[in-house]
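Here is the structure we will look at, set down as structure tokens.
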Amino acid sequence: MRRTAVLGSAGTLIAGTLIAGAMAAPAANADSGRRTVSEAQGAAIAAARAAKTGIDWKDCPADWGLAKPVECGWVSVPLDYANPQGKHIKLAVDRARSTGSKDERQGSLVYNPGGPGGSGMRFPLRITNKAPLWEKTAKAYDFVGFDPRGVGHSAPISCVDPQEFVKAPKLDPVPDSEADKSAQRKLAAEYADGCLERSGEMLPHMTTPNTARDLDVIRAALGDKKLNFVGVSYGTYLGAVYATLFPNHVRRMLVDSVVNPSREKIWYQANLDQDVAFQMRWDDWKAWVAKNDATFHIGDTPEKVEAQWLKLRSAAKKEPIGGVVGPAELIGFFQGAPYYDSAWVPTAEVWSKYLAGDEQALVDAAGPDLSDTAGNIASENGNAVYTAVECADAKWPTSWKKWDRDNTELHKNHPFMTWANAWMNLPCATWGVQQQTPIEVKSGKGLPPVLIVQAERDAATPYEGGVELHKRLEGSRLITEKDAGSHGVTNLVNPCINERVDTYLLSGKTDSRDVTCTPHATPKP
């Protein structure tokens, strides 16, 4: 989950049966005159069409930043799987070919980095840039990335003008009064209205199950009978839904930093749980900063570091730093530290420079860059997709009293992210299209072992999510990175994890029981 402090043969037979049934007996929709089928039948029809069409691979457009030998192409999918003959949208895909011999090749490895709203198009660069952790896997697989529906180059959606979206400073997320709350509620309702106005045709179809169906169409277009998939963060929920809908289409599935797939968690409660976990990891980082006070000079105890944080917030609220960095922008920057260990040192360095009198370092790190038009479009689009998918996937509370009560109570002991998170999700309370009931994630017939990797102190996707998915997917294996909390574990150096990931992706083999690994190395200043 992404956070921003702003607003075999048997499988083929079954698929073939669905296609025959779908094509033989579509139902007429009396209101629209369109021909409709079940979404499962629509997905089978779309996949069969994609398998026949394939992908016309070409050099990527120059402005995509994906140089040879990465290749790009398009996969056509129905906007509405209940109407597979109706409007289609094109999904951008790319690949880097496997580096091994013909005998070593095992197919395509498709990647989703999370979000919702994240692009996987940079995944093939792990081959072209010879990323050490992925060297063995690269011999066996073409690395395939894609922009999910609504993202990037794939029929992108928008909720507000991108330049307006990035303007700063924004309202302080932590309210001091009922008037502050009313102002935030107004902004959230306006954002929901903007999504409907700018992207209304797409919104009803911006769901995780539809993205999972898209994933199966991509699999078919690649010419793979079964899917090899790596999903991180929200990508784990996409993988879990795919495994539920298409269990006998899975060959290998690795999920890293797991969204809790329980219907009761998607998505309102999941975000409240996230607030608790972010506070835990924020506290971990403060303790590390204090331990390294000789380098950073911020405070030699966690309490002193927290006091400096509150002082910084207060100063930025009174007078935005550089005119653009207020409390909201500070949270947007500082949340990187509890999110990723790779941000521990850079975040502390910027803060240390500010305390030493270098205000510009903080402005550059936390403030907006209005000249970065492409980056601002991507940022606004990512936020729009995040909101659209989470709002459409599940029914959210519409009572402001419930939002107010839950977040007020949670903020008392978990103040770091609670209100910022609440305002970001509040558009779902007034969402302009019908909200779905989350799918019941579970094992299906033919699902092979899924490998689950989870850090014990992850802030964005709390540990319980990995445990819950493990319970639901029969035969899965859980690797726990103990006493660690970086989000996205498989791209970090930890031989205990790296070697098992390689073994699984190359052979399909897992340990006979769950595994607990010691943590990766703690960042050093």
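Throughout, read-outs are computed from the coordinates displayed, never taken from laboratory work. No experiment lies behind these values; they were computed from the predicted model shown. Note that each Cβ is placed from the backbone with ideal geometry, even for glycine, and that neighbours are counted across all protein chains shown.
Converting phi to 3J(HN,Hα) with the Karplus coefficients 6.51, -1.76 and 1.60 and the offset θ = phi - 60°, segment 433-446 yields 10, 4, 9, 8, 9, x, 5, 7, 5, 6, 6, x, 4, x Hz in sequence order, with x at every glycine or proline.
Short-range pairs are left out: with C-alpha atoms under 8 Å and at least six residues apart, the relative contact order of segment 350-451 is 27 percent.
Just to confirm my numbers, what's the Cα centroid distance between segment 435-490 and segment 239-272 in Å? After rounding, the separation between the Cα centres reads 7 Å. The antiparallel fraction among DSSP beta bridges confined to the chain stands at about 40%.
For segment 173-271, the relative contact order comes to 22 percent (Cα pairs under 8 Å, sequence separation of at least 6). Residue order for ASP358, ASP214, ASP80, fewest other beta carbons within 10 angstrom first, comes to ASP358, ASP80, ASP214.
Under 13 Å from a point placed 7 Å out from the Cα of ARG105 along the Cα-to-Cβ direction: which residues of segment 131-170 have their backbone N that close? The answer is 139-143, whose backbone nitrogens lie closer than 13 Å to the label point. With the cut-off at under 16 Å, measuring from each backbone N in segment 294-322 to a point 7 Å along the Cα-to-Cβ line of ALA183 picks out 314-321.
Return HIS487, HIS153, HIS297 ranked ascending by Cβ neighbour count within 10 Å, so the fewest neighbours appear first.
Numbers: HIS487 24, HIS153 18, HIS297 13.
Fewest-to-most Cβ neighbours within 10 Å comes out as HIS297, HIS153, HIS487.
3J(HN,Hα) along segment 355-362: 5, 8, x, 8, 5, 5, 4, 6 Hz, from the Karplus curve 6.51 cos²θ - 1.76 cosθ + 1.60 with θ = phi - 60°, whole Hz, x for Gly and Pro.
Can you compute the helix-only [θ] at 222 nm over the chain? Use -39500 (n - 2.57) per DSSP H run of at least 4 residues, normalise by all residues, nearest 500 deg cm²/dmol.
-14000 deg cm²/dmol
Modelled label positions at GLU474 and GLU456, each set 7 Å beyond Cα in the direction of Cβ, lie 3.1 nm from each other. Listed from fewest to most Cβ neighbours within 10 Å, the set PHE333, PHE143, PHE165 follows the order PHE333, PHE165, PHE143. The slack in the chain from GLU464 to GLN163, taken as 0.36 nm per residue of separation less the alpha-carbon distance, amounts to 104.6 nm. The trypsin sites (Lys or Arg not before Pro) of segment 147-200 that meet both conditions, a loop assignment by DSSP and at most 13 other Cβ atoms within 10 Å of the site Cβ, are LYS167. Structure note, pairs LYS58/LYS445; LYS317/LYS401; LYS395/LYS482; LYS139/LYS265: Cα-Cα distances above 29 angstrom occur for LYS58/LYS445; LYS395/LYS482; LYS139/LYS265.
Taking a sphere under 10 Å around the Cβ of ARG95 and counting the other residues whose Cβ falls inside, with K and R at +1 and D and E at -1, yields a net charge of -2.
Looking at segment 91-217, the DSSP beta bridges with both ends there are about 50 percent antiparallel. Shown in residue order for segment 63-70 are the 3J(HN,Hα) couplings computed by the Karplus curve 6.51 cos²θ - 1.76 cosθ + 1.60 at θ = phi - 60°: 7, 8, x, 10, 7, 3, x, 5 Hz (x for Gly and Pro).
Over all other residues within a Cβ to Cβ distance under 11 Å of THR510, the charged ones net out to +3, with Lys and Arg as +1 and Asp and Glu as -1. Counting only DSSP beta bridges with both residues in segment 174-332, the antiparallel share comes to about 10 percent.
For the chain, the normalised intensity computed at q = 0.09, 0.13 Å⁻¹ comes to -0.65, -1.37 (log10 of I(q)/I(0), Debye sum over alpha carbons, equal scatterers, no solvent). Taking amide H atoms as placed 1.01 Å from N in the peptide plane, the amide H of LYS170 lies under 5 Å from those of GLY326, ALA328, GLU329, each 5 or more residues away in sequence or on another chain. Taking a point 7 Å from the Cα of VAL493 along the Cα-to-Cβ direction, the residues of segment 335-372 with backbone N closer than 17 Å to it are 341-345. List every residue whose amide H lies under 5 Å from the amide H of MET253, counting only residues 5 or more places away in sequence or on a different chain, with H placed 1.01 Å from N in the peptide plane. Long-range HN contacts for MET253: PHE229, LEU451.
For segment 436-486, which trypsin sites (Lys or Arg not before Pro) pass both filters: DSSP loop (anything but H, G, I, E, B) and at most 13 other C-beta atoms within 10 Å?
LYS445, LYS482
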